[in-house]
Amino acid sequence: MPANDYSQPATWLCAPGHNAACDAALDTTVVAANGTLTIEKLAPAKAPAIDCFYVYPTVSRDPGLVATMDAEPEELAVVAQQFARFGQVCRQFAPIYRQFTLTALVARMSGKPMSADGIDPKIGYHDVVDAWTYYLAHYNNGRGVVLIGHSQGSGVLTELIKNEIDGKPVQHRLVSAILMGTRLQVPAGKDVGGDFASVPLCHSSNQLGCVIAYASFRATTPPAATSLFGKSGGPGLEAACVNPAALAGGSGAVHAYFAAHSGFVNAGAVTDWVKGKTIATPFVSVPGMLTASCEKNDVASYLAITVHGDPAAARTADIPGDVIVAGQVRADWGLHLIDASLFMGNLLAIVRDEAAAYGRAKR
């Protein structure tokens with residue numbers, strides 16, 4: 001397959017002058033514990049000082065092993081859920097890439113993998129490298145940049161950081177990397193090493209050039225032997241867990257933005273966010289309902305999500321996010337589908353602080 005031409009606007013979901021996917025409707029109904037509703041409107045930054053470069057997760061429902069370069073409804077929906085809000089804090093870039101499809105993932109999980117004959121197994125990675133190279137040459141102009149990915153997107157960005165950023169001059173432009181729903185490897189108890197030679201884990205929102213990585217599970221259903229995330233990649237290594245709700249460690253309040261009516265795949269949608277009332281906005285927030293802390297068990301290190309719901313209250317007592325197949329919750333996936341939604345408010349606050357710190361450092 002020939003390389004993509006990222007000088008063409010149609011190869012981007014979000015870029016200056018071609019930002020339709022990131023201009024999604026993001027109004028949010030904030031549901032208080034007593035059922036009171038308020039509407040929160042988005043206020044995009046007029047002249048953001050830094051950039052954000054996003055690689056989306058496995059969402060394509062194209063019938064083949066590899067996705068086309070068309071912007072389908074699935075790509076648009078996941079951008080709205082995982083990336084569009086970052087327009088409050090940064091200039092946005094999101095390339096389309098030829099990812100391995102959800103169709104291929106389902107086939108592999110069912111024991112009938114699709115043929116990969118004649119297909120470059122790293123085609124999606126090479127696309128993102130080409131987009132990154134074009135971005136650096138034509139858009140960056142020395143600006144700081146936050147890399148943001150989830151699932152397959154996090155895997156692609158991990159390779160990009162290893163090969164194109166770590167230890168190279170461009171590393172000084174890395175404000176941070178946010179790698180969600182992945183198992184970034186670090187030496188046990190250490191902040192740097194493993195997958196990255198010189199990019200450490202984040203411990204403060206004023207720390208620059210660091211990485212936030214995690215995989216979310218319900219505290220009541222921690223990773224087991226069959227779990228897909230949070231496991232060590234070998235002796236002396238562990239999956240990084242950085243808590244966006246408490247970068248310095250411990251437990252913190254989760255500031256989530258959930259899709260009000262459905263998720264980008266199947267996030268066990270909540271239909272009654274508050275008794276007797278209808279949610280008309282595309283997103284909903286439930287302040288005070290969730291906390292998170294990094295935990296370890298004998299198989300994994302993970303971000304444990306505790307739900308403080310009250311069944312007697314007007315507000316829903318639970319959240320969406322479980323992977324559901326044939327009516328059954330697939331606990332081995334944890335809360336993978338909402339890794340980004342859970343911490344969207346926390347991550348926005350972190351990137352806002354990082355942008356200020358980057359500006360001070362440049363001065």
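All but one of (1) more than 23 Å from residue 92 (Cβ to Cβ); (2) modelled with pLDDT under 95; (3) touching a helix residue (DSSP H, G or I) at 6+ places or on another chain (Cβ under 9 Å); (4) crowded, with 19+ Cβ neighbours inside 10 Å hold for residue 264, so report the exception by its number. Every listed condition holds for residue 264 apart from (1).
State which residue pairs qualify: first residue without any contact (Cβ under 8 Å) to a residue 24 or more places away in the chain and surrounded by 22 or more Cβ atoms within 10 Å (Cβ to Cβ) and inside segment 283-302, second residue among the polar types (S, T, N, Q) and part of a strand (DSSP E or B) in any location, beta carbons under 6 Å apart, and separation of 6 or more residues or different chains. Filtered contacts from segment 283-302: no entries.
Counting only residues that are among the acidic types (Asp, Glu) and more than 22 Å from residue 158 (Cα to Cα), which one in segment 55-84 is surrounded by the most Cβ atoms within 10 Å (Cβ to Cβ)?
Step one: list which residues in segment 55-84 are among the acidic types (Asp, Glu), which gives 62, 70, 72, 74-75.
Filter once more, keeping what is more than 22 Å from residue 158 (Cα to Cα): 62, 70, 72, 74.
Working: 62: 17, 70: 10, 72: 14, 74: 19.
Only one residue fits best here, namely 74.
Could you check segment 210-246 and list, in sequence order, the residues that are among the aliphatic types (A, V, I, L, M) and part of a strand (DSSP E or B)?
Of all residues in segment 210-246, those among the aliphatic types (A, V, I, L, M) come to 211-213, 215, 219, 224-225, 228, 237, 239-240, 242, 245-246.
Within segment 210-246, 211, 212, 213, 237, 239 qualify.
Looking across 114, 109, one residue alone is touching a helix residue (DSSP H, G or I) at 6+ places or on another chain (Cβ under 6 Å), of a type outside the set (Phe, Trp, Tyr) and at pLDDT below 95. It is 114. Against the conditions (1) among the small types (Gly, Ala, Ser); (2) touching a strand residue (DSSP E or B) at 6+ places or on another chain (Cβ under 8 Å); (3) buried (at least 18 other Cβ atoms within 10 Å of the Cβ); (4) modelled with pLDDT of 95 or more, residue 249 satisfies every one except (3).
Among the listed residues 353, 332, which satisfies the condition of being under 20 Å from residue 177 (Cβ atoms) and either modelled with pLDDT of 95 or more or charged (D, E, K, R) (or both)?
353
Listed here are the strands (runs of 3 or more DSSP E) enclosed by segment 277-363 that have at least 1 residues being out of contact with any Ser or Thr (no Cβ under 9 Å at 6 or more places or on another chain): 290-296.
The values are calculated or read from the model by the stated rules, or taken from the named source; none is laboratory data. On a predicted model such as this, the values are computed, not experimentally measured, just so you know. Backbone-built Cβ (ideal geometry, glycine too); neighbour counts: all protein chains shown.
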